[in-house]
1. How high is the relative contact order of segment 110-161, in percent, with contacts defined as C-alpha pairs under 8 Å that are six or more residues apart?
2. Determine the distance separating the Cα centre of segment 473-550 from the Cα centre of segment 1-26; give it in Å without decimals.
3. Between Arg392 and Thr271, 0.36 nm times their residue separation minus their Cα-Cα distance comes to what?
4. Report, for the chain, the % of DSSP beta bridges that are antiparallel, rounded to 5.
5. Can you sort Lys467, Lys478 by solvent-accessible area, 1.4 Å probe, largest first?
6. For segment 169-253, report the accessible area per residue in Å² (1.4 Å probe, heavy atoms, rounded to an integer).
7. What FRET efficiency comes out for Arg476 versus Arg118 if R0 is 56 angstrom and r is the Cβ-Cβ distance? Round to the nearest 0.05.
8. Expected output is a single nm value to one decimal: the length gained when fully extending between Lys8 and Leu525, i.e. 0.36 nm times separation in residues minus the C-alpha distance. What is it?
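The values are calculated or read from the model by the stated rules, or taken from the named source; none is laboratory data. Note that the structure is a prediction, hence the values are computed from the model and not measured. Note: ideal-geometry Cβ built from the backbone for every residue, glycine included; neighbour counts use all protein chains shown. For accessibility, only protein heavy atoms count, side chains too; no ligands or nucleic acids. Shrake-Rupley method; radii C 1.70, N 1.55, O 1.52, S 1.80 Å.
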Amino acid sequence: MERKRWYKDMVFYQIWPRSFKDGNGDGMGDLWGVLEKLDYIRSLGCDGIWFSPLYPSPGADCGYDIADYMDIAPEFGGMEAFRAVLEGLHARGMKLIMDLVVNHTSDEHEWFQKSRQRIDPYTDYYIWRPAGPGGALPNNWQSHFEGSAWEFDDVRGEYYMHLFAIKQPDLNMDNPLVREEVKKILRFWLDLGVDGFREDVITFISKKEGLPQDHLFPIYKGMRFYNHGPHIHEYLTEFKRDVLDHYDCFTLAEAPLVSPKRSLEYIDERTGQIDMMIQFQCQCADCFFTDWMPLKFSLRRMKHAFSMWQYKLQGRAWNMLYLENHDHPRIISRYGSEDYRTESGKALAASYLFQQGTPFIYQGQEIGMTNWRPDSPALYEDVQTVYQNTHRGTRKSAAKRLHALWRSSRDSARTPVQWDDGPQAGFTTGTPWFSINPNYREINVNREEADPDSLLHFYRRAIQLRKSLRVVRDGRYKEHFHLNPRLYVYSRTLPAEKLLVICSFSKHKQKIRFPKGFDPANGKLILQSYKESAEDYLRPYEARVYYWEK
Ligand code: GLC
Ligand code: CA
């Protein structure tokens with residue numbers, strides 16, 4: 001089927017269902033709540049939704065531990081509510097993509113229950129290994145969430161591999177029966193009308209034969225043997241050839257530790273097996289590899305990550321653009337400034353919305369939600385956070401450890417969306433499943449709607465502009481003044497038009513600088529973050545977009 005690549009003209013909104021909007025008053029977000037908000041999402045200029053997992057799940061990793069791939073959890077409204085949302089989206093000309101989590105399942109999935117009892121054909125659906133002498137672990141690989149990557153199962157009398165939580169056993173993708181299951185899942189949702197998939201840690205699905213001991217790295221032990229593993233392209237090609245190619249859909253692959261060069265092996269438009277990648281470099285301007293190893297924010301690191309992906313993919317592949325998702329703390333609290341919440345939120349928005357690629361917005365990002373900072377570690381829910389809190393830095397003071405959680409936990413960005421300043425921030429009429437950030441009285445959708453200069457309205461204007469200008473879709477990207485530690489300046493150029501984005505990341509006035517060939521005197525200022533007219537210097541976190549037509 002000829003690929004239409006309609007995703008290139010889209011802007012996506014990511015919904016993390018538990019915290020988006022509760023429609024039935026039980027305190028948990030659900031699809032009835034989503035139905036109420038479809039027009040809101042559309043009003044942002046978004047034309048697609050990525051849903052984090054909606055499937056039945058025990059919730060050990062908030063739905064990323066799936067117990068049944070072919071159903072929608074009853075607490076989210078079941079299949080009936082899902083169909084209503086899908087129809088509602090399609091009726092508005094919008095698309096829906098599902099989260100496909102097939103590196104692992106829940107240990108409560110029927111496959112695992114049968115596999116641990118060696119009931120065929122499920123016996124080899126997972127990665128089982130006998131204990132070594134004295135009960136020794138099969139190798140020294142580490143999981144991302146809970147210590148060793150191996151857990152002993154008493155029922156089967158063997159270890160199983162889990163690269164994430166103990167309740168998330170890894171599937172054995174080398175087993176052709178497992179790959180057939182994946183294809184069944186893909187077909188099931190595509191036949192129902194969904195428009196594509198975000199593929200969870202898909203680069204992990206092929207593990208190196210023999211599962212060798214890792215003697216090299218102190219962190220992420222084993223990762224070099226399972227990230228971009230030996231059969232990864234073969235398996236992705238098989239999914240594409242047997243299923244995806246037969247539908248008008250697209251795929252977005254999550255890829256921890258991927259360079260732009262390596263990404264082309266997956267997403268090169270002529271030879272790739274998938275359409276876009278979620279890379280992590282853009283998340284590392286204030287940390288070393290992971291949010292749990294914080295560094296001071298460096299604008300130059302951020303610019304370098306953005307530009308490197310823009311340059312390397314230009315003309316060959318398509319970028320997925322994002323600042324936030326459910327796996328990282330809020331971006332204003334990290335790369336911006338809570339003291340200049342609206343201003344820095346706008347600078348961040350302008351920093352990525354005019355790049356080449358398909359932008360994603362994570363729920364609450366558009367109203368400038370900031371990190372949640374509870375007064376006790378006991379309030380955290382996330383499995384990774386709970387493990388970090390009990391196993392790392394345990395000799396540090398309680399206050400320091402709590403700060404580390406505020407700074408690094410995924411829960412910092414998982415509190416319910418703040419819709420208004422009423423009870424429970426308008427998220428639910430019941431008791432919310434999770435804490436609500438107490439700043440909801442100042443930060444909420446209603447308030448942002450009422451103020452024409454709010455961040456929310458800035459997002460709307462920026463998205464509308466993006467969609468009306470061909471140069472944002474197709475223009476050549478170039479970064480200017482790349483050594484400047486306080487300004488991010490980039491241009492997009494086509495023969496007949498060009499665009500220049502200038503963002504300050506400073507709390508102090510900055511001298512405005514225009515690159516050669518971009519004379520403001522004959523250009524138009526088409527978007528600005530301050531309502532007062534522009535001066536010849538930049539105000540704190542000011543963002544401007546200029547446009548020239550030949
Ligand atoms: C991905 C998801 C994350 C999840 C993990 C394991 O990184 O985005 O939320 O915990 O995979 O499925
Ligand atoms: Ca509910």
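1. 33
2. Value for the Cα centre distance between the two parts: 31 Å.
3. Going from the current span to full extension adds 39.3 nm.
4. 60
5. My answer, sorted largest first, is Lys478, Lys467.
6. I get 37 Å² per residue for this part.
7. Taking R0 as 56 Å, the efficiency between Arg476 and Arg118 is 0.45.
8. Taking Lys8 through Leu525 to full extension adds about 183.6 nm, to one decimal.
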